[in-house]
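Visitor: Okay, here's the structure, questions in a sec.
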Amino acid sequence: MYEILCEDTYHEYNEFLSALPFCSFLQTVMWADVKAQGGWTRDIIVSRDDSAKITAGMLVLSRKLPFSPFTFLYSPRGPLFLPGKYKAINDLKQGLKELAKRKKSLVFKADPAINARDAEFIGNAEKAGFEIIDTGKDFGGVQPKFVYILNIKDKTPEDVFEKFHSKTRYNIRLSSRKGVTVRVGGYDDIPCFYEILKETAKRDNFAVRTPEYFRDMYKIMAPENLRLYIAELDGRIIAGTIAIYFKNTVYYLYGASSNQNRNTMPNYLLQWEMIKWAIEKKCETYDFMGISGDDDPSNPLYGLYKFKRGFSGETIEYIGELEMVFNPFMYRIMNIIQKLRKKQG
């Protein structure tokens, strides 16, 4: 039995999340509040068993497609299931179809945090009518298919530090010896962090969100679930990161470093401080987030992989994207229009 929850019953969804062995912060109402600042609306679809207990669910974000009456549905790192309840995906599918009718949606996409070798989930998803799309090794989807995870369950900082690659340990110590200090920043540090993030984006060729996005994120999630870490040298901010804490994991969400003083290795020291926060919160894992699944040194993303690998974690491959198209004809038309716009610049 499926249900599209009203806000009065969101607390039941939160209770469901708390009962799960693992779930991402991207599936929380709190994260939906962050995305609402950018025009996304939220719905929560759940499946209940005969006793009305929620056994599966997902946060679904929706947004209007440009210059059209249609919308796009997206569930970041959803759907979620209690152990052994993958068959509930059929209920979630029915809920999606109802939601798609309400919102004139062309397509639904999701990128569940489910191992690529989970044959039981794959079988149930395909049987329910979802297409599973391999998004490739180099950040082809909204969320990365490959992530790098550090297991810190029941470990002390000393236990974790000694397992790092020797060069990583050296760079952490070097950064301190060079005079770099790290502190937990506040709301007033966001403008400076943002300027450094723009430097990083230009250097590494990626798009950056608006400063309002980071201010809204901080207001909604800090201090309990978000920390802005600031690295300084001689009183100047030279690097920063944003870490998110939820349930049993701390996530490395954003990182920025100035073009100056990069030889002082502030990024290594920042990672270590975030990992120590995760240990302090008694987390089971520290999530470095995305890496390339191609570890060939000729890959342009190899440097990112090499940096994260130095912390002696583990590469996890997720299944990629789930997709369900509700209006195939209009979806094809919208894709053609989008491709033409990209060609025109």
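The values are calculated or read from the model by the stated rules, or taken from the named source; none is laboratory data. Model, not experiment: these values are computed from the prediction. Note: ideal-geometry Cβ built from the backbone for every residue, glycine included; neighbour counts use all protein chains shown. Surface accessibility is based on the protein's heavy atoms, side chains included, excluding ligands, DNA and RNA. Shrake-Rupley method; radii C 1.70, N 1.55, O 1.52, S 1.80 Å.
Visitor: Given axes a ≥ b ≥ c from the Cα gyration tensor, I'd like to know whether the range 81-138 is rounded (a/c under 1.5), prolate (a/b larger than b/c) or oblate.
Guide: Judged from the Cα gyration tensor, the range 81-138 comes out oblate (a/c at least 1.5, b/c at or above a/b).
Visitor: How do the peptides 122-131, 207-216, 251-260 rank, highest first, by the average count of neighbouring beta carbon atoms within 10 Å per residue?
Guide: Working: 122-131: 16.3, 207-216: 14.0, 251-260: 19.3.
Per-residue mean Cβ counts within 10 Å order the peptides as 251-260, 122-131, 207-216.
Visitor: For the chain, what does -39500 (n - 2.57) per DSSP helix run (n ≥ 4), summed and divided by total residues, give at 222 nm, in deg cm²/dmol to the nearest 500?
Guide: On the way: 11 runs with 126 residues, N = 345.
Helix-only estimate at 222 nm: -11000 deg cm²/dmol.
Visitor: How do the peptides 157-165, 234-242 rank, highest first, by the average count of neighbouring beta carbon atoms within 10 Å per residue?
Guide: Highest to lowest by the protection proxy: 234-242, 157-165.
Visitor: Helix hunt in the chain: which complete DSSP H runs extend at least 18 Å axially by C-alpha with mean Kyte-Doolittle at least -1.0?
Guide: Working: long enough: 89-103 (21 Å, -1.12); 190-204 (20 Å, -0.43); 266-280 (21 Å, -0.15); 328-343 (23 Å, -0.42).
Helices passing the filter in the chain: 190-204, 266-280, 328-343.
Visitor: Using the structure shown, list the pairs from 104/202; 145/281; 53/282; 35/178; 155/202 with a Cα-Cα distance above 30 Å, or answer none.
Guide: Flagged as over cut-off: 104/202; 35/178; 155/202.
Visitor: Can you give the local net charge around residue 289? Use residues other than it whose beta-carbon is closer than 13 angstrom to its beta-carbon, Lys and Arg +1, Asp and Glu -1.
Guide: On the way: positive: 77, 145, 308; negative: 111, 287.
Around residue 289, the charge tally is +1.
Visitor: So for the range 166-285: antiparallel DSSP bridges make up what percent, rounded to the nearest 5?
Guide: Here the antiparallel bridges make up roughly 95 percent for the range 166-285.
Visitor: Could you give the alpha-carbon Rg of the range 200-256 over 2.2 N^0.38 Å, rounded to two decimals?
Guide: Rg over 2.2 N^0.38 Å, computed on Cα atoms: 1.23.
Visitor: Continuing with the same structure: Taking a ≥ b ≥ c as the square roots of the Cα gyration tensor eigenvalues, with a/c under 1.5 meaning rounded and otherwise prolate when a/b beats b/c, else oblate, which class fits the range 298-340?
Guide: Oblate.
Visitor: Net charge around residue 311, counting only other residues with Cβ within less than 14 Å of its Cβ (Lys, Arg = +1; Asp, Glu = -1)?
Guide: Spelling it out: positives minus negatives among the neighbours equals +3.
Visitor: Which trypsin sites (Lys or Arg not before Pro) in the range 261-345 pass both tests, a DSSP loop state and at most 11 other beta-carbon atoms within 10 Å?
Guide: Here the trypsin sites (Lys or Arg not before Pro) that fit, given the DSSP loop and packing criteria, are 282.
Visitor: Answer with a single label: of (1) 26, 45, 25, 4; (2) 31, 59, 10, 0; (3) 28, 58, 15, 0, which was calculated as P(r) over Cα pairs in 20 Å bins from 0, in percent from the structure in view?
Guide: (3)
Visitor: Compute the FRET efficiency between residue 98 and residue 329 as 1/(1 + (r/R0)^6), taking r as their Cβ-Cβ distance and R0 = 22 Å, and round to the nearest 0.05.
Guide: Efficiency, rounded to the nearest 0.05: 0.60.
Visitor: Okay, next question. For residue 326, enumerate residues with amide H under 5 Å from its amide H, sequence gap 5+ or separate chain, H modeled in the peptide plane.
Guide: Under 5 Å from the amide H of residue 326: 107, 108.
Visitor: For residue 101, go through the lysines and keep the ones whose alpha-carbon is under 20 Å away, minus same-chain ones fewer than eight residues off.
Guide: 64, 93, 109
Visitor: Fully extended, how many nm does the chain gain between residue 198 and residue 15 (0.36 nm per residue separation, minus their Cα-Cα distance)?
Guide: Full extension of this stretch gives 62.0 nm more.
Visitor: How much of the DSSP beta bridge set in the range 40-174 is antiparallel, as a percent to the nearest 5? Let's see the in-between values first.
Guide: On the way: 14 of 19 bridges.
Beta bridges within the range 40-174, antiparallel portion: roughly 75 percent.
Visitor: Here's a follow-up. Mind running the shape call on the range 45-149? Use the C-alpha gyration tensor, a ≥ b ≥ c as the square roots of the eigenvalues: rounded below 1.5 for a/c, prolate if a/b tops b/c, oblate otherwise.
Guide: oblate
Visitor: Over the range 247-312, what portion of Cα pair distances is larger than 18 Å, expressed as a whole percent?
Guide: On the way: 961 of 2145 pairs.
Distances greater than 18 Å cover 45 percent of the Cα pairs.
Visitor: Now for a separate question. Please give the per residue accessible area of the range 187-329, computed with a probe of 1.4 Å over protein heavy atoms only, in Å². Present the calculation step by step, with values, prior to reporting the outcome.
Guide: On the way: 6400 Å² over 143 residues.
Heavy-atom SASA per residue in the range 187-329 reads 45 Å².
Visitor: What is the sum of charges, Lys and Arg at +1 and Asp and Glu at -1, for the other residues whose Cβ falls under 10 Å from the Cβ of residue 31?
Guide: Combined, the nearby Lys, Arg, Asp and Glu give +2.
Visitor: Here's something else I'd like to know. Just to be sure I understand: with springs between alpha-carbon atoms less than 10 Å apart, which residue in 18, 62, 298 has the highest mean-square fluctuation in the Gaussian network model of the chain?
Guide: Of the options given, 298 has the highest mean-square fluctuation.
Visitor: Over the Cα atoms of the range 117-158, what Rg and Dmax result, in angstrom?
Guide: Taking only Cα atoms of the range 117-158, I get Rg and Dmax of 15.7, 48 Å.
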